[in-house]
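Data block below; observations after.
Nothing in this text is a laboratory measurement; each read-out follows from the coordinates by a stated rule. As the structure is a computational prediction, the values presented were derived from the model and not from experiment. Neighbour counts are summed over all protein chains in view; Cβ atoms, including those assigned to glycine, are modelled from backbone coordinates with ideal geometry.
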Amino acid sequence: MAGLIILGLVLVHFAGRGETKVSQQEALAIARPTIDFTPSGHQIRYLRRGIPSHGFWAVTYYVRDAVGRYKRTTIVVVDASSGEVTEVRRTA
């Protein structure tokens with residue numbers, strides 16, 4: 001039983017090493033058309049999801065008010081292998 005658990009962990013670790021074909025700049029360009037406002041800035045971060053894990057870029061475009069609080073944000077999740085937009089979350 002312990003051997004199967006170890007084998008499973010090893011397979012998950014190595015099977016999840018997918019190649020990141022989409023760069024940070026490409027992810028920004030892919031995500032930009034999905035927003036319907038002119039952003040004042042953006043943040044981008046790389047994250048892994050799932051078992052086995054798979055890479056994604058989470059691109060956040062935002063507008064801040066005069067005090068610096070986020071007034072409007074949109075998070076666009078881009079598959080780091082295919083460049084496909086897999087999720088879009090908007091706030092007012």
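Structure notes:
- Order of 45, 90, 69 under a 10 Å beta carbon neighbour criterion, fewest first: 69, 45, 90
- For the range 60-67, Karplus couplings with θ = phi - 60° (6.51, -1.76, 1.60), whole Hz, Gly/Pro x: 10, 9, 8, 10, 9, 7, 4, 8
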